[in-house]
Amino acid sequence: MTGGSSGIGLAVAHELVRRGARVSLVARGEERLEKAATELRAEGAQVATAAVDVADRAAVEASFADLRESQGPCDILVASAGLTYPGYFEQLPLQHFRELMEVNYFGMLHAVRAVTPSMIERRTGSIVGISSTAGLIGVFGYSAYGPTKFAVRGLLESLRSELAPHGVHVGCVFPPDTDTPQLSFEEALKPPETVAISGSIKPISAEQVARATVEGIEKGRFWIMADVQTRLLARFGGLGRDLLSWDFDRRVRRVRAAAPESRGR
């Protein structure tokens, strides 16, 4: 479980523990990691941890090898580690674009590559990555974040068909705004236009995403949705995106008309 110390990753860990699973948590912050592990152990879970930056390929490979030694081979990988920096495209530092791709996409890729050979050999397993509604449609203010979630979706779609003959399930989760520490962090950075687009939608809980994720694993789904709106967007494809894009543009125009200086230029 990458990103397992908080948010969706920790919520999925709790959901799996309730089903009797033993879990391994992988995250950068050692203090939060141990706090999360303590929570799960209080529920009677067997928990292993690895404090590692998922963007560091060598560190991921080493930590996953250690976890295999202590916990056995991975049966379910949930790649949940992620970052976001909302902002206007031309004002965001290039560093943010690189960092988000390193963590959100390559961080998932490193974890997937670490577990796939064993799953192919054993002809069993489930690989699930956390994309986003922003991996289905471009959203104002998420020019650094959205492409990483499209990339997550693209990799998992390719792997779905490639690994299916080996008995390995691949799924992709598309949560909307979710009540997590990451959302609290990004709220202070959102441009007013982004607030106008997302502000009318109440964030769902990490627990709701976790339940949908585990149900998707149990039912062998690729497209895993935790809310009705995202499910409709995925189902109706281009038409749904066209309607949402029209609505997004309308909201942006309203913000600009009310406060033309909102972009600070």
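The values are calculated or read from the model by the stated rules, or taken from the named source; none is laboratory data. Bear in mind that the values here come from a model prediction, so they are computed numbers and not experimental data. In this analysis, Cβ positions are derived from the backbone assuming ideal geometry, glycine residues included, and neighbour counts consider all displayed protein chains. Areas reflect the complete protein model, heavy atoms only, side chains present, ligands, DNA and RNA absent. Shrake-Rupley method; radii C 1.70, N 1.55, O 1.52, S 1.80 Å.
Assorted remarks:
- As a summary of the residue check, L77 satisfies the conditions (1) aliphatic (A, V, I, L, M); (2) over 22 Å from Q229 (Cβ atoms); (3) open to solvent by 30 Å² or more (accessible area, probe 1.4 Å) except for the one numbered (3).
- Residue check, K190 open to solvent by less than 40 Å² (accessible area, probe 1.4 Å) and outside any loop (DSSP other than H, G, I, E, B): no
- Selection of first residues in the stretch 57-74 that are at negative phi and of a type in the set (K, R) and of second residues that are part of a helix (DSSP H, G or I) and surrounded by 15 or more Cβ atoms within 10 Å (Cβ to Cβ), restricted to Cβ pairs under 6 Å at least 6 apart or on distinct chains, gives the following pairs, ordered by first then second residue: R57/H110.
- Any hit, the stretch 97-118, residues being among the aliphatic types (A, V, I, L, M), open to solvent by less than 10 Å² (accessible area, probe 1.4 Å) and either without any contact (Cβ under 8 Å) to a residue 12 or more places away in the chain or not in a helix (DSSP H, G or I) (or both): no
- Subset of the stretch 105-121 that is among the hydrophobic types (A, V, I, L, M, F, W, C) and out of contact with any Cys (no Cβ under 6 Å at 6 or more places or on another chain) - its residue that is farthest from C74 (Cα to Cα): F106
- Of the residues making up the stretch 16-33, those that are outside any loop (DSSP other than H, G, I, E, B) and open to solvent by 70 Å² or more (accessible area, probe 1.4 Å) number 4.
- Residue within the stretch 79-98 that is among the hydrophobic types (A, V, I, L, M, F, W, C) and in contact with a strand residue (DSSP E or B) (Cβ under 9 Å, 6 or more places away or on another chain) present: yes
- When residues of the stretch 34-59 are limited to those that are of a type in the set (G, A, S) and assigned to a loop (DSSP other than H, G, I, E, B), the one most open to solvent (accessible area, probe 1.4 Å): A42
- Here the condition is being among the aliphatic types (A, V, I, L, M) and crowded, with 23+ Cβ neighbours inside 10 Å; of A13, A62, it holds for A13 alone.
- Taking the numbered list (1) of a type outside the set (A, V, I, L, M); (2) farther than 24 Å from E102 by Cα; (3) at pLDDT 90 or above in turn, G129 passes all entries but (2).
- Odd one out for F140, checked against (1) farther than 26 Å from G4 by Cβ; (2) part of a helix (DSSP H, G or I); (3) touching a helix residue (DSSP H, G or I) at 6+ places or on another chain (Cβ under 9 Å): (2)
- Restricting the stretch 161-187 to residues that are closer than 16 Å to I8 by Cβ and assigned to a helix (DSSP H, G or I), the residue that is most open to solvent (accessible area, probe 1.4 Å): F185
- Residues of the stretch 160-183 include at least one that is farther than 28 Å from R68 by Cβ and aliphatic (A, V, I, L, M).
A quick yes/no check of all residues on (1) modelled with pLDDT under 75; (2) closer than 28 Å to G7 by Cβ; (3) hydroxyl-bearing (S, T, Y); (4) surrounded by 15 or more Cβ atoms within 10 Å (Cβ to Cβ):
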residue: A212; (1), (2), (3), (4): no, yes, no, yes
residue: E218; (1), (2), (3), (4): no, yes, no, no
residue: I224; (1), (2), (3), (4): no, yes, no, yes
residue: V228; (1), (2), (3), (4): no, yes, no, no
residue: L243; (1), (2), (3), (4): no, no, no, no
residue: F248; (1), (2), (3), (4): no, yes, no, yes
residue: P260; (1), (2), (3), (4): yes, no, no, no
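- The one condition in (1) open to solvent by less than 20 Å² (accessible area, probe 1.4 Å); (2) over 16 Å from the mean Cα position of the chain (by Cα); (3) hydroxyl-bearing (S, T, Y) that S158 fails to fulfil: (1)
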